[in-house]
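These notes concern the structure reproduced below.
The values are calculated or read from the model by the stated rules, or taken from the named source; none is laboratory data. Computed from a prediction, not measured in an experiment: that's the story for all the values here. Glycine gets a Cβ as well: all are built from the backbone with ideal geometry, and neighbour counts include every protein chain shown. The area values use the complete protein model at the heavy-atom level, side chains included, leaving out ligands, DNA and RNA. Shrake-Rupley method; radii C 1.70, N 1.55, O 1.52, S 1.80 Å.
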Amino acid sequence: MAILKVARLGHPVLRQVAQPVDPASIRSPGVQRFIDDMIQTMREYDGAGLAANQVHTLKQIAVIEVLANPRYPEAPEVPLMVLVNPVVTPLTDEKEEGWEGCLSVPDMRGMVPRHTSVHLTCLDRAGQAVDLIAKDFFARVIQHETDHLNGIVYLDRMRSLATLAHIAEWNKHWLGIREQSD
Ligand SMILES: [Zn+2]
């Protein structure tokens, strides 16, 4: 496995639309290795998810995982998921604001409105159909990652850039917690 280089804001690949993956190729060694590399890269950089565009590949593949963190016991856990050719349909008009960051927009946070409930269909890494309803934080992560596959970053979804903050200032002024030096 390998840790892949992550494209940062300004790289054109983040603004391009990823192409669907041929379902017959999902189980091939090349696609499986790419998925493993995406998972390793997401974990290396403590991302909640990673889309293929972010690692310079225009394929409709995203990975998602949020593990329990003892420092943030209330943060919801999302099990490891591999999304191939995802289709996301909002189930509510209602949107909720929440903080997001992005490995392609390093050290920044912003308040982003997202649908609170979405219907997701996709294939998993075995090529099996996935069909589920996601809510709240899980729905947010799915929307963030599938946006990437369509060339959209979270900044495009912000109602106002007034909450866009560097992580150090965000910790001080928005969370009331000073950055940990350890
Ligand atoms: Zn992102």
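Taking square-rooted eigenvalues a ≥ b ≥ c of the alpha carbon gyration tensor, is region 1-155 rounded, prolate or oblate, where a/c under 1.5 means rounded and, failing that, a/b exceeding b/c means prolate? Verdict is rounded for region 1-155.
The residues of the chain expose on average 55 square angstrom of accessible surface per residue, using a 1.4 Å probe on protein heavy atoms. Mean projection of the Cα convex hull over all viewing directions, computed for region 27-110: 7.0 nm². A DSSP coil position with no more than 11 other Cβ atoms inside 10 Å describes the following GluC sites (Glu not before Pro) in region 1-97: GLU74, GLU77, GLU94. For the chain, the longest principal axis of the alpha carbon atoms and the long axis of helix 136-149 meet at an angle near 60°. For the chain, the carbon plus sulfur part of the accessible surface works out to 52%, probe radius 1.4 Å. One decimal place: the segment ASP136-ALA168 gains 8.9 nm when fully extended, by the rule 0.36 nm per residue minus the C-alpha distance. Among the trypsin sites (Lys or Arg not before Pro) found in region 120-173, those both in a DSSP coil and sparsely packed, with 16 or fewer other Cβ atoms within 10 Å of their Cβ, are ARG159.
Per residue, the average separation of C-alpha pairs within less than 8 Å and at least 6 apart gives region 35-182 a relative contact order of 21 percent. What is the calculated FRET efficiency for ARG33 to ASP107, with r their C-beta to C-beta distance and R₀ = 22 Å, to the nearest 0.05? Between ARG33 and ASP107 the formula returns 0.15.
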